[in-house]
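See below for the structure under consideration.
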Amino acid sequence: YLAAAGFDEIMTYSFYGEKEIAQAMLPLNHHLELENPLSPDLRYLRMTPTPVMLHKVKENLRHFDQFDIFEWGSVFGKNPETGVIGEVKTVALMSVFPKNSKQGDTAPVGGQAFFYMKGKAEAFLESLHIDKGTIIFEQPEKFTEIPAVKHLHPARSACICYNGKAIGIIGEFHPKTLKVFGLESRVAMAGFIVDDLQNLQKKEII
């Protein structure tokens, strides 16, 4: 569905280095470290696809100034107190727009980037036969345990919730986050936990 809707699929490494962890303001002690990494810069299994996806955004901005991408893959985590290791499948969407829209541009400005992505995310959920009436958008500060919350603009982001449980995150990246990753374009994202999406799909399609 995402490919048909104009999104290009990307495939990235499932690991990154301390630089990306620092850039994304993620807790180092929640990461799993590889014993034999491909390189010192790829020592940790990722707990969010955001850093590597933003690097791909920067690479593609050399050739395009507006595009939509998505990635389906695993994220990993470790509870620093119990040592319990977890792997979760996620799907993440990103939309990139020129920073300054010129007359005639279709690029959203201001909070419109959020609503552009919101429309894409809602259409995605509908394509999976998930009842949009059961989904609400909550203030992101209620869900600070979600890594992507720190990356997003506080007034242009939300948690996508079902029965009070966060199943996803949506929003426009904070200018400070974009600056750290060397980006001047506007970038919005949405991310979902695959198991939660599967559990919410209607069992019978009429």
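The values are calculated or read from the model by the stated rules, or taken from the named source; none is laboratory data. This one's a predicted model, so the numbers in the text were calculated from it and none came from an experiment. When we count neighbours, we look across all protein chains shown, and the Cβ atoms used for this are built from the backbone with ideal geometry, even at glycine. We work out accessible area using only protein heavy atoms, side chains counted, and drop any ligands, DNA or RNA first. Shrake-Rupley method; radii C 1.70, N 1.55, O 1.52, S 1.80 Å.
Checking each residue in region 16-38 for being over 27 Å from ALA121 (Cβ atoms) and open to solvent by 40 Å² or more (accessible area, probe 1.4 Å) picks out GLU18, LYS19, ALA22, LEU28, ASN29, GLU33, LEU34, GLU35, ASN36, PRO37, LEU38. Is one or more of the residues making up region 155-172 farther than 17 Å from ILE69 by Cβ, assigned to a helix (DSSP H, G or I) and open to solvent by less than 40 Å² (accessible area, probe 1.4 Å)? No; the residues of region 155-172 include none that is farther than 17 Å from ILE69 by Cβ, assigned to a helix (DSSP H, G or I) and open to solvent by less than 40 Å² (accessible area, probe 1.4 Å).
The single condition from (1) farther than 25 Å from LYS99 by Cα; (2) at pLDDT 90 or above; (3) among the aliphatic types (A, V, I, L, M) that LEU61 fails is (1).
For region 83-91, indicate whether the set of residues that are touching a His at 6+ places or on another chain (Cβ under 7 Å), open to solvent by less than 20 Å² (accessible area, probe 1.4 Å), within 18 Å of HIS151 (Cα to Cα) and at pLDDT 90 or above is non-empty. There is no residue in region 83-91 that is touching a His at 6+ places or on another chain (Cβ under 7 Å), open to solvent by less than 20 Å² (accessible area, probe 1.4 Å), within 18 Å of HIS151 (Cα to Cα) and at pLDDT 90 or above. For region 34-65, the set of residues classified as touching a residue at least 60 places away in the same chain (Cβ under 8 Å) and part of a loop (DSSP other than H, G, I, E, B) consists of MET47, THR48, PRO49, LEU61, ASP65, listed by residue number.
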